[in-house]
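These notes are about the structure you will find just below.
The values are calculated or read from the model by the stated rules, or taken from the named source; none is laboratory data. Bear in mind that the values here come from a model prediction, so they are computed numbers and not experimental data. Cβ atoms come from the backbone with ideal geometry, glycine included; neighbour counts cover every protein chain shown. The protein model used for the area step is the full one, side chains on, heavy atoms only, and it has no ligands, DNA or RNA in it. Shrake-Rupley method; radii C 1.70, N 1.55, O 1.52, S 1.80 Å.
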Amino acid sequence: MVGIFLTTLSLLVVLFFVMQNLQSRGQKKVLPTVTLTGAIGAIEQGKVTQLHLDDGSRQATLVLTNGVKVVTAYPLGSGPELSQKAIESNVKVTASPERRRSIWPGLILSLLPVALLIGFLLFFMGPKMGMGIGRLGKSKGRPAEVPKTRFTDVAGADEAVAELTEVVDFLHSPERFITAGATVPHGFLLVGPPGTGKTLLARAVAGEAGVPFFALSGSDFVETFVGVGASRVRQVFSAARRQGRAIIFIDEIDAVGKARTSNPNGSGGEERENTLNQLLVEMDGFTQSGVIVLGATNRADVLDPALTRPGRFDRRISVPAPDRVGRTQILELYAQNRRFAHDVDFVSLARRTAGLTGADLACLVNEAALDAARSGSAVITSAHLNAALATAVMGRERRTAVVTERDRNITAWHEAGHAVAAFLLPHAESPVSVTIIPRGEAGGVTWMGGNDNAFVTRSEAQARLVVAMGGRAAEEMHLDGDFTQGAASDFASATALATSMVTEYGMSELGVAWRTRTGQRSEADQVGAAVDVLLKRALDDARELLVTNADLLQAVVDELLTEETVDGEMLAALARLFEARAPRKLAVTRTG
Ligand code: ADP
């Protein structure tokens, strides 16, 4: 709004000046001009009867004896001299008082570009800027609506739903709880990774209870002006209280509620603290109120203990990534109102989607539906779902990327190295698919199946390291001992895993409970050395494995170069053909 107003105002000002200019031009009669010397000469020779000086425009008008008028320009300060000369020659002298030029036109003209710029910025970027003029200090909590979301819109989160049903019951009839002398917690923390349905659950609570839903996000407060975060919190809480019963949802609460010592000098620290304090004050304020606050975070461990004290966020509800049954339920939920081919099996699809969240699965079904629509199919087939799954896991195909023959070969060897290692190692996850079509950021991808196991055994962790090294080992075979930078991200993930094995899991020769303490160099060096041992051993194992199975590796490379993608079944068929297996002497296949 402000943008439109300023832009219109600026345009009006421009129009005004143009009109004025045109008008004054129209009024002026153009007189013949003479030089100053000519004018002085004419005065001295008595050819002038009248002289009119205008110091404002520094122009003198002379009326000649024959009645003709001429004008001449004179420099600043020479007016008195000119009039003196005229008086001496008996010329009648008149003068215009020096007009005080208004400062407004100049001021407006110089401010015009700035006004235009501000108008433009507000008009086009206002909604995106965190704090347009009109929004400063205003609550970002959308106007309180009662959501239409219900618990039936949430799938695979039965435990969270069961716990939140208690909140709905309380909101339905608080008197029942109050007469029974029961105190219902007012602050709940929904803890889980992004996309697992925390916002959805919070909306469903409000929808089920038929109460207004106010939403805030912790990250909004952090970089705003001092005082804005606290005032937003105050506004939202008082608006919610006015409603009597309401849900306030604070997403990313860790952005505000991070432990105060964790980032003492960081930017936005003071503002965060003000906001946090305001939140604590507000939460302490309602004991008997019908306002329930639901906070969402993935990092409950970093929260300030003040926030989780009794009476504040003292209940924690876990909202993890769904297990296999949960994934099946979510897929079935999104399958409603969509038509699927008979070959689609959600149980098997759920099995292949370990690690994906509700948001990922919703997106997957939608992608498959889009794909079906694009290809003119009336139903969604398992091919559409598989393609969508491959995109979800490996990134979108970049078929237009220009890849040289040399790079294509290196990618085929690198990916075949991962795939063969993963296929042959008994403790590794089996590869689902391997491709040399560039996807997402990567030149090629090997997609491991994954599983729902929460525990990783030492043999499995070691096998992961060997699989990660498979790419580099295969490159060495292809380039006669040389290699590329292509293994950089493999090394990054392998180093992260190996570091956890050494410092957290007690899976190295350094023994159990080994942790680096900052500042203790010798310990850090020892950990580094132990990580290096694990990685080097893994690389040696990968080399040994691939050299022993060079014929299988070559066959997979050839298949990749011709077909671009090789799936798990093809890999198994090739391995059978070459009777391939992991050598027993490898460190990774030995136990202990
Ligand atoms: P979070 O708040 O945990 O980051 P959201 O609630 O914003 O996740 O989830 C984003 C979207 O993903 C939801 O709007 C919904 O479409 C889908 N979704 C996520 N989890 C589930 C679930 N358990 N059941 C159904 N849909 C889900």
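Among the residues of region 41-82, which ones are part of a loop (DSSP other than H, G, I, E, B), open to solvent by 40 Å² or more (accessible area, probe 1.4 Å) and among the polar types (S, T, N, Q)?
The answer is 45, 57, 65, 66.
Can you pull out the residues in region 439-455 that are touching a residue at least 24 places away in the same chain (Cβ under 8 Å) and of a type outside the set (Asp, Glu)? Can you show your working first?
If we filter region 439-455 for residues that are touching a residue at least 24 places away in the same chain (Cβ under 8 Å), which is where we start, we get 439-452.
Passing the criteria: 439, 440, 442, 443, 444, 445, 446, 447, 448, 449, 450, 451.
Matching residues to (1) open to solvent by 20 Å² or more (accessible area, probe 1.4 Å); (2) not in a loop (DSSP other than H, G, I, E, B):
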| position | (1), (2) |
| --- | --- |
| 415 | no, yes |
| 419 | no, yes |
| 426 | yes, no |
| 429 | yes, no |
| 433 | no, yes |
| 437 | no, no |
| 450 | yes, no |
| 454 | yes, no |
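Tell me, please, whether a residue that is in a helix (DSSP H, G or I) and assigned by TED's automatic domain parsing to the domain that holds residue 250 can be found in region 307-315. So that I can check it myself, show each step before the final result.
First pass over region 307-315, keeping only residues in a helix (DSSP H, G or I): 307-308.
From what's left, assigned by TED's automatic domain parsing to the domain that holds residue 250: 307-308.
Yes, region 307-315 contains a residue that is in a helix (DSSP H, G or I) and assigned by TED's automatic domain parsing to the domain that holds residue 250.
Of 338, 352, which residue is at pLDDT below 90 and open to solvent by 40 Å² or more (accessible area, probe 1.4 Å)? Show your work before the answer.
Working: 338 fails: at pLDDT below 90.
After ruling out the rest, the residue left standing is 352.
For residue 525, all conditions in the list (1) open to solvent by 70 Å² or more (accessible area, probe 1.4 Å); (2) of a type in the set (Asp, Glu); (3) within 30 Å of residue 579 (Cβ to Cβ) hold save one; what is the number of the exception?
(3)
Do you know which residues across region 364-380 are farther than 30 Å from residue 454 by Cβ, within 16 Å of the ligand (Cβ to nearest atom) and free of Cβ contacts under 8 Å to residues at least 24 places away in the same chain? If you could, list the steps in order and put the result at the bottom.
Taking region 364-380 and keeping what is farther than 30 Å from residue 454 by Cβ, we get 369-380.
Now narrow it down to the ones that are within 16 Å of the ligand (Cβ to nearest atom): 369-370.
Answer for region 364-380, where residues must be farther than 30 Å from residue 454 by Cβ, within 16 Å of the ligand (Cβ to nearest atom) and free of Cβ contacts under 8 Å to residues at least 24 places away in the same chain: just 370.
Which of (1) within 18 Å of residue 309 (Cα to Cα); (2) assigned to a helix (DSSP H, G or I); (3) modelled with pLDDT of 90 or more is the odd one out, the single condition residue 239 does not satisfy?
(1) is the only condition that residue 239 fails.
For region 283-303, name all the residues that are over 15 Å from residue 184 (Cα atoms) and crowded, with 21+ Cβ neighbours inside 10 Å. Spell out how you get there, then give the answer.
In the first step, residues of region 283-303 are kept if they are over 15 Å from residue 184 (Cα atoms); the result is 295-303.
Of everything in region 283-303, those that are over 15 Å from residue 184 (Cα atoms) and crowded, with 21+ Cβ neighbours inside 10 Å turn out to be 295, 296, 297, 303.
Name the residue that is nearest to the ligand (Cβ to nearest atom), counting only residues in region 316-332 that are in a loop (DSSP other than H, G, I, E, B) and not aliphatic (A, V, I, L, M).
Of the residues in region 316-332, the ones in a loop (DSSP other than H, G, I, E, B) are 319-323.
Keeping just the survivors that are not aliphatic (A, V, I, L, M) gives 320, 322-323.
Details: 320: 10, 322: 6, 323: 12 Å.
Among those that are in a loop (DSSP other than H, G, I, E, B) and not aliphatic (A, V, I, L, M), it is 322.
Determine the pairs where a residue that is over 16 Å from residue 67 (Cα atoms), located within region 31-46, has a partner that is not in a loop (DSSP other than H, G, I, E, B) with Cβ atoms under 6 Å apart, the partner being 6 or more residues away or on another chain.
Matching pairs, first to second residue: 36/72.
Just to be sure I understand the filter: pairs with C-beta atoms under 7 Å, separated by 6 or more residues or on different chains, first member in region 344-363 and within 16 Å of the ligand (Cβ to nearest atom), second member small (Gly, Ala, Ser) and open to solvent by 50 Å² or more (accessible area, probe 1.4 Å). Which pairs pass?
Final answer for the pair search is 356/392; 360/392; 363/392.
Select, from 326, 358, the only residue that is out of contact with any helix residue (DSSP H, G or I) (no Cβ under 6 Å at 6 or more places or on another chain) and open to solvent by less than 20 Å² (accessible area, probe 1.4 Å).
On the way: 358 fails: out of contact with any helix residue (DSSP H, G or I) (no Cβ under 6 Å at 6 or more places or on another chain).
Result: 326 is the single residue among 326, 358 that is out of contact with any helix residue (DSSP H, G or I) (no Cβ under 6 Å at 6 or more places or on another chain) and open to solvent by less than 20 Å² (accessible area, probe 1.4 Å).
I'm trying to understand the selection: among the residues of region 237-257, which are surrounded by fewer than 20 Cβ atoms within 10 Å (Cβ to Cβ) and over 14 Å from residue 211 (Cα atoms)? Working first, answer last.
Going through region 237-257, the residues surrounded by fewer than 20 Cβ atoms within 10 Å (Cβ to Cβ) turn out to be 238-239, 241-245.
Within region 237-257, 238 is the sole residue that qualifies.
If you go through region 524-569, how many residues are among the β-branched types (Val, Ile, Thr) and under 18 Å from residue 471 (Cα atoms)? Full working, then the answer.
Filtering region 524-569 for residues among the β-branched types (Val, Ile, Thr) gives 527, 531, 533, 547-548, 556-557, 562, 565-566.
Checking which are under 18 Å from residue 471 (Cα atoms) leaves us with 547-548, 556-557, 565-566.
Of the residues in region 524-569, 6 are among the β-branched types (Val, Ile, Thr) and under 18 Å from residue 471 (Cα atoms).
Any residue in region 326-338 that is within 17 Å of residue 373 (Cα to Cα) sitting within a Cβ distance under 9 Å of a residue that is hydrophobic (A, V, I, L, M, F, W, C) and within 7 Å of the ligand (Cβ to nearest atom)? List the pairs, counting only those 6 or more apart or interchain.
These pairs meet every condition: 334/155; 334/362.
Give me the pairs: first residue in region 212-231 and outside any helix (DSSP H, G or I), second residue at pLDDT below 80, beta-carbon distance under 6 Å, and six or more apart or on different chains, which are they?
Cβ pairs passing all conditions: 212/144; 214/141; 214/144; 215/141; 216/141; 223/268; 226/271.
Looking at region 461-477, which of its residues are more than 33 Å from the chain's Cα centre (by Cα) and either more than 21 Å from residue 544 (Cβ to Cβ) or surrounded by fewer than 22 Cβ atoms within 10 Å (Cβ to Cβ) (or both)?
Matches in region 461-477: 475, 476, 477.
Would you please list the contacts, defined by Cβ atoms under 7 Å and residues six or more apart or on different chains, that run from a residue in region 186-201 that is of a type outside the set (A, V, I, L, M, F, W, C) to a residue that is part of a strand (DSSP E or B) and within 7 Å of the ligand (Cβ to nearest atom)?
198/296; 199/251; 199/296
If I ask for residues that are among the small types (Gly, Ala, Ser) and open to solvent by less than 10 Å² (accessible area, probe 1.4 Å), which ones from region 179-229 would you list? Don't jump to the end; show me each part of the working.
Keep residues of region 179-229 that are among the small types (Gly, Ala, Ser), which gives 180-182, 187, 192, 195, 197, 202, 204, 206-207, 209-210, 215, 217-219, 227, 229.
Matches in region 179-229: 187, 192, 202, 204, 206, 207, 209, 218, 229.
Please list, ordered by first then second residue, the pairs with beta carbon atoms under 7 Å, 6 or more apart or interchain, first in region 303-317 and among the hydroxyl-bearing types (Ser, Thr, Tyr), second in a loop (DSSP other than H, G, I, E, B).
308/314
Pick from region 478-505 the residues that are in a loop (DSSP other than H, G, I, E, B) and over 18 Å from residue 524 (Cα atoms): which of them is most open to solvent (accessible area, probe 1.4 Å)? Lay out the reasoning, then the answer.
Here is the first cut: in region 478-505, the residues in a loop (DSSP other than H, G, I, E, B) are 479-484, 504-505.
Then keep just the ones that are over 18 Å from residue 524 (Cα atoms); that gives 479-484.
Details: 479: 55, 480: 144, 481: 49, 482: 92, 483: 96, 484: 35 Å².
Checked region 478-505; the qualifying residue most open to solvent (accessible area, probe 1.4 Å) is 480.
Of all residues in region 149-171, which are out of contact with any strand residue (DSSP E or B) (no Cβ under 8 Å at 6 or more places or on another chain) and within 12 Å of the ligand (Cβ to nearest atom)?
Narrowing region 149-171 to residues out of contact with any strand residue (DSSP E or B) (no Cβ under 8 Å at 6 or more places or on another chain): 149-158, 161-162, 165-166, 168-169.
Those that are out of contact with any strand residue (DSSP E or B) (no Cβ under 8 Å at 6 or more places or on another chain) and within 12 Å of the ligand (Cβ to nearest atom): 149, 150, 151, 152, 153, 154, 155, 156, 157, 158, 161.
For residue 386, are the conditions met, namely being away from the ligand (no atom under 15 Å from the Cβ), open to solvent by 30 Å² or more (accessible area, probe 1.4 Å) and in a helix (DSSP H, G or I)? If you could, list the steps in order and put the result at the bottom.
Details: away from the ligand (no atom under 15 Å from the Cβ): yes; open to solvent by 30 Å² or more (accessible area, probe 1.4 Å): yes; in a helix (DSSP H, G or I): yes.
Yes.
Would you mention how many residues in region 177-211 are in a loop (DSSP other than H, G, I, E, B) and either within 13 Å of the ligand (Cβ to nearest atom) or aromatic (Phe, Trp, Tyr) (or both)? Step through it out loud before you land on a result.
From region 177-211, those in a loop (DSSP other than H, G, I, E, B) are 180-186, 192-197, 210-211; that's our starting set.
Okay, now just the ones that are also either within 13 Å of the ligand (Cβ to nearest atom) or aromatic (Phe, Trp, Tyr) (or both), so 192-197.
Result for region 177-211: 6.
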